[in-house]
Amino acid sequence: MTSATPRWRKPIRSANEGNCVEVADNLPGVVLVRDSKDPSGPTLTFPPAAWRALVTSLRRS
């Protein structure tokens, strides 16, 4: 059995700023988020629906 590897990306709006997060949404059933300045640091794990709700809420702010 092979475990999937997160494919990290920076959201377009934060790609050129120093305070960035990276998101991995290629894994089944989870969205991972980490600080781009500390890639070996802690990772937040969200169910996809919760991640979509968070992003939608932030866009409205």
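Observations on the structure shown:
- Within segment 44-56, none of the residues are among the basic types (Lys, Arg) and touching a Leu at 6+ places or on another chain (Cβ under 8 Å).
- Qualifying residue in segment 9-19 (condition: at pLDDT 95 or above and either under 20 Å from Arg59 (Cβ atoms) or basic (Lys, Arg) (or both)): no
- The residues of segment 29-39 that are modelled with pLDDT of 95 or more and either more than 18 Å from Ala4 (Cα to Cα) or more than 12 Å from the chain's Cα centre (by Cα) (or both) amount to a single one, Gly29.
The values are calculated or read from the model by the stated rules, or taken from the named source; none is laboratory data. As the structure is a prediction and not an experimental result, all values here were calculated from the model. Backbone-built Cβ (ideal geometry, glycine too); neighbour counts: all protein chains shown.
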